[in-house]
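Visitor: What follows is a single structure, and I will ask about it in a moment.
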Amino acid sequence: MPSSKLDPERHIPLTPRTLHILLALTDGPEHGYAIMKEVEACSGGRVTVGPGTLYEAIGRLVALELLEEVPPPETSPSDRHRRRFYALTPLGREVVRLETARLAALVGYAESKNLLSRG
């Protein structure tokens, strides 16, 4: 039986900011500034994360073993010593999967109530 910290269900539901940070890393490792820009872009500007808030959240997510610091990709040699890169752990990826499935079920329920009709 996994420890409670490693149980993906324990982390659900996620806050919008946390979900956006984790989603920003689903395509691979990124540095903080790229994560901030991705969160802003994918939320249409509704969720913003400043540097202090982002690095506080990243520290928490690393402690929860949802993220890990990784070496810079080989494709960015100029970033090798300046920027820290972060990636989802297997647990983090499972948490994102569970949370998005939970939200999809919620949207399906809202659709069944005709709450999302466009007419």
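Visitor: If we only count helices (runs of 4 or more DSSP H) wholly inside region 10-63, which ones have 2 or more residues that are touching a His at 6+ places or on another chain (Cβ under 8 Å) and closer than 17 Å to L103 by Cβ?
Guide: Fully inside region 10-63 and qualifying: 32-42.
Visitor: Considering only region 40-56, I want to know if a residue exists there that is touching a residue at least 40 places away in the same chain (Cβ under 8 Å), surrounded by fewer than 16 Cβ atoms within 10 Å (Cβ to Cβ) and within 12 Å of the chain's Cα centre (by Cα).
Guide: No: zero hits.
Visitor: If I filter region 83-97 for residues that are more than 12 Å from the chain's Cα centre (by Cα), farther than 17 Å from L14 by Cα and surrounded by fewer than 16 Cβ atoms within 10 Å (Cβ to Cβ), do I get at least one hit?
Guide: Scanning region 83-97 turns up at least one residue that is more than 12 Å from the chain's Cα centre (by Cα), farther than 17 Å from L14 by Cα and surrounded by fewer than 16 Cβ atoms within 10 Å (Cβ to Cβ).
Visitor: Among the residues that make up region 21-28, is at least one of them closer than 23 Å to D7 by Cα and in contact with a Phe, Trp or Tyr (Cβ under 8 Å, 6 or more places away or on another chain)?
Guide: Looking for residues that are closer than 23 Å to D7 by Cα and in contact with a Phe, Trp or Tyr (Cβ under 8 Å, 6 or more places away or on another chain), one finds at least one in region 21-28, hence yes.
Only the coordinates and a few stated rules stand behind these numbers; no lab work does. This structure is a prediction, so every number in the text was calculated from the model and none was measured. Positions of Cβ are generated from backbone atoms using ideal geometry, with glycine treated the same way; all protein chains shown enter the neighbour counts.
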